[in-house]
Amino acid sequence: MTATATTPPPVRRRGRDDRSRGPLGRARRREAAALVLPSLLPVLVLSVAPLVVGVALAFTDARLVRNPEYSFVGVDNFTRLLSNSFFWDSFRIGLIWAVSVTVLQIVAAMGLALLLAADLRLRALTRVLALIPWAMPPVVVAIMWRMIYSPNAGPLNAALGAVGLPDDINWLADFSTALPAVIVVGVWVGMPQTTVTLLAGLQQIPTEMYEAAAIDGASTWRRFWSVTMPSLRPVITAISSLNFIWNFNSFSLVYVLTEGGPGGKTMLPMLFTYIEAFKNRNIGYAAAMGVVLVVVVVLLLVGYLRTQLRDEKER
């Protein structure tokens, strides 16, 4: 009688899924949750909870009074908002402001970044000075520029008068100059952070690419368009998208400069919402405006993230 050899059953190794289901995996998950929870609590309390309350108020007739009594009104606030031409005018002005400031910031910051990237004397000091507008609080910047734009004692009008130009322009109160004047301030405030971002991108471009282009006979302008701009395209896309979102949500700078005047020429959507909530005391109606603005910002963020993912796939 011959003995038949039996094959031993295969030894099953514990995989990652088995380890994650065991006591050790559960302990690790609890430990991870304990570490993440302290950072999530401020987000939940300061961001998510107010957002949920704001969305809920958008469907009520709440008013900012001592003893508030409000009821559910459905989509009445949103229906009323659709016919509010003043809000949509502020939306149009906000788009003009955000696009203008973002584009001008990129153009001005690109020139400054190229200058700071060059091998010049006192380059380190210049880089520090370029960050000063970024370090100043927006309210302080707005007060400083109000003094510069002052029609009576402002240095801008004084400089114009010194060269024989009109020196009695009320920059922040004239219908034709208020928005351009505010845009200039917005560009000045946001240019440092854009400059730093572009400068970091410039420093990542290999010098061999410029040397190869120079050997091929490319001029300085050609090297800029053929080497610098393609290399900086992901950086420009990212910072432009973020700047547009930040500029669209601007409040304090324009509020201190003009409070939305004259005649609503600088009335941004955030300013309009603030006035409706805290001056007209229509909290429910202002919350509906806030919901619309949140939707717009979320759509902008989705577009930004899709652009970033596409750039990563291309790289």
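The values are calculated or read from the model by the stated rules, or taken from the named source; none is laboratory data. None of the values given here were measured: they were computed from a predicted structure. No Cβ is skipped: glycine too gets one built from the backbone with ideal geometry, and neighbour counts run over all protein chains shown. The area values use the complete protein model at the heavy-atom level, side chains included, leaving out ligands, DNA and RNA. Shrake-Rupley method; radii C 1.70, N 1.55, O 1.52, S 1.80 Å.
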### Unique residue being within 30 Å of Ile236 (Cβ to Cβ), open to solvent by less than 60 Å² (accessible area, probe 1.4 Å) and within 23 Å of the chain's Cα centre (by Cα) when the list is Ile93, Ile132
Ile93
### For Ala181: the one exception among (1) more than 21 Å from Ile96 (Cβ to Cβ); (2) out of contact with any Pro (no Cβ under 8 Å at 6 or more places or on another chain)
(1)
### Query
For Met267, all conditions in the list (1) part of a helix (DSSP H, G or I); (2) out of contact with any Leu (no Cβ under 9 Å at 6 or more places or on another chain) hold save one; what is the number of the exception?
(1)
### Query
Residues in the stretch 232-261 that are open to solvent by less than 30 Å² (accessible area, probe 1.4 Å) and among the aromatic types (Phe, Trp, Tyr): how many?
1
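Residue check: is Tyr274 assigned to a helix (DSSP H, G or I), among the aromatic types (Phe, Trp, Tyr) and within 22 Å of Leu81 (Cβ to Cβ)?
Against the criterion (assigned to a helix (DSSP H, G or I), among the aromatic types (Phe, Trp, Tyr) and within 22 Å of Leu81 (Cβ to Cβ)), Tyr274 qualifies.
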### Message
If a residue counts only when it is under 27 Å from the mean Cα position of the chain (by Cα), which helices (runs of 4 or more DSSP H) contained entirely in the stretch 203-258 have at least 3 such residues?
### Response
229-248, 252-257
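Quickly run through the stretch 53-90 and pick out the residues that are on the phi < 0 side of the Ramachandran plot, open to solvent by less than 50 Å² (accessible area, probe 1.4 Å) and free of Cβ contacts under 8 Å to residues at least 60 places away in the same chain.
Asn84
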